[in-house]
1. What does the convex hull of the Cα atoms come to per residue for the chain, in Å³?
2. From the cross-link list LYS36/LYS300; LYS133/LYS270; LYS36/LYS220; LYS133/LYS225; LYS220/LYS270, which pairs have alpha carbons spaced over 21 Å apart?
3. Taking 0.36 nm per intervening residue step and subtracting the Cα-Cα distance, what contour gain separates HIS103 from LYS300 on full extension?
4. Per the Kirkwood formula on distinct C-alpha pairs, the Rh of the range 134-178 is how many angstrom?
5. Where a Cα-Cα gap under 12 Å defines reach, which aspartates and glutamates qualify for LYS26, not counting those fewer than 8 residues away within the same chain?
6. Considering every pair of different Cα atoms, what Kirkwood radius, in Å, is found for the range 38-142?
7. Tell me what the chain gives for mean residue ellipticity at 222 nm when only DSSP H runs of n ≥ 4 count, each as -39,500 (n - 2.57), the sum divided by the residue total, rounded to 500 deg cm²/dmol.
8. List the aspartates and glutamates whose Cα sits under 12 Å from the Cα of LYS94, skipping any in the same chain fewer than 8 residues away.
Amino acid sequence: MIRSLLIGCGAYLPERILSNAELASKVDTSDEWITKRTGIRQRHVAADGELTSHLALHAAREAIAAAGIDTQEIDLIVLATTTPDDTFPSTATKVQAGLGLGHGAAFDVQAVCAGFIYALAVADNFIRAGQAKTALVIGAETFTRLLDWEDRSTCVLFGDGAGAVVLQAHEGNGSAADYGVLSTHLHSDGRERDILYVDGGPSSTGTTGHVRMAGQEVYKHAVSKLAAVIDEALAANGLSVDDVDWLVPHQANRRIIDGMAKRMDMSSDKVIVSIDRHANTSAASVPLALCEAVRDGRIKSGDLVLVEAIGGGLAWGAGLVRIGLPD
Ligand code: ACO
């Protein structure tokens, strides 16, 4: 059975840091409210002229270097974003050009905060089907460009950043002890699109629009839907929570993260948390947190990692990945 090994990852954050205190000097909010309700202390914000493709390219180069592959081996780029540089062409093709690649396929996927899980699933399925051998999977956002800075209920929640991983085809034996992506599980429910959306678009208003969210509604869905898809991922592989070395959750709200860990009866020191420093970076959130923990040595080769995310759509999903290369 072909498996997609995760052999390298990279992350990038814009230099500028916007603290809660600085935000509170411009918006009717406070460090205390933001920290207590969300766990967020600061976020990174892209500079003028710094685009999603620039963040993505930094993360991609680090992932390629970590994987130790020749860039020319890449035959698929799947980039998850809600904040593409341009309406078209895709941001993935800009990254492809930036890497000096003119072969293979490159395209974007749009599943808002669940984007990285969707992109991982797409790339894994290409590899399993034999249509690609080495894939670059990226989550990248300049999400702050979608914010209405006068809407305190949303503008305090988000930040900019990018994360990337390299997947490579490898023969596994089909067991849950295999390295690589064991399975991915995707869901969406378009009936709930009105609780989290952007009030603009090329076809509807001709403008980009701003994020609108019924926070408590999203919160309720997040807890129940993420719990269900985690159960689904574990059951599909005949695994239990005890088999999971690390939970790398979408970084939307510290209370949701803690709630998921509690429900899974998972010790908090097995949960990767970066929301305090990154805020919600949408499609970049999971790969940013994952790569940070690989970089600092917490997540090691052979560790089984559970990733999950939910966002606008509603769209949500989970995946189980044994990191690194077998001996
Ligand atoms: N500063 C100060 N006060 C605020 C702020 C703020 N930034 N924002 C809202 N308030 C006020 C409200 O006006 C309200 O005041 P009132 O009681 O006088 O009416 C009070 O705080 C409580 O507001 P709630 O919205 O009820 O606060 P809640 O505890 O639900 O927290 C939050 C809001 C943090 C948004 C939470 O609902 C949440 O995290 N929801 C989930 C978000 C999420 O997971 N998104 C996922 C994906 S995002 C994507 O896909 C793009």
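The values are calculated or read from the model by the stated rules, or taken from the named source; none is laboratory data. These figures come from a predicted structure and were not determined experimentally. Heads up, the Cβs are rebuilt from the backbone with ideal geometry, glycines too, and the neighbour counts pull from every protein chain shown. Side chains included, ligands, DNA and RNA excluded: accessible areas come from the protein's heavy atoms. Shrake-Rupley method; radii C 1.70, N 1.55, O 1.52, S 1.80 Å.
1. Value for the chain: 124 Å³ per residue.
2. LYS36/LYS300; LYS133/LYS270; LYS133/LYS225; LYS220/LYS270
3. Gain in length upon complete extension: 67.7 nm.
4. In the range 134-178 this quantity evaluates to 13.8 Å.
5. Those aspartates and glutamates meeting the cut-off are GLU150, ASP151.
6. 14.1 Å
7. That calculation yields -9000 deg cm²/dmol at 222 nm.
8. ASP85, ASP86, ASP108
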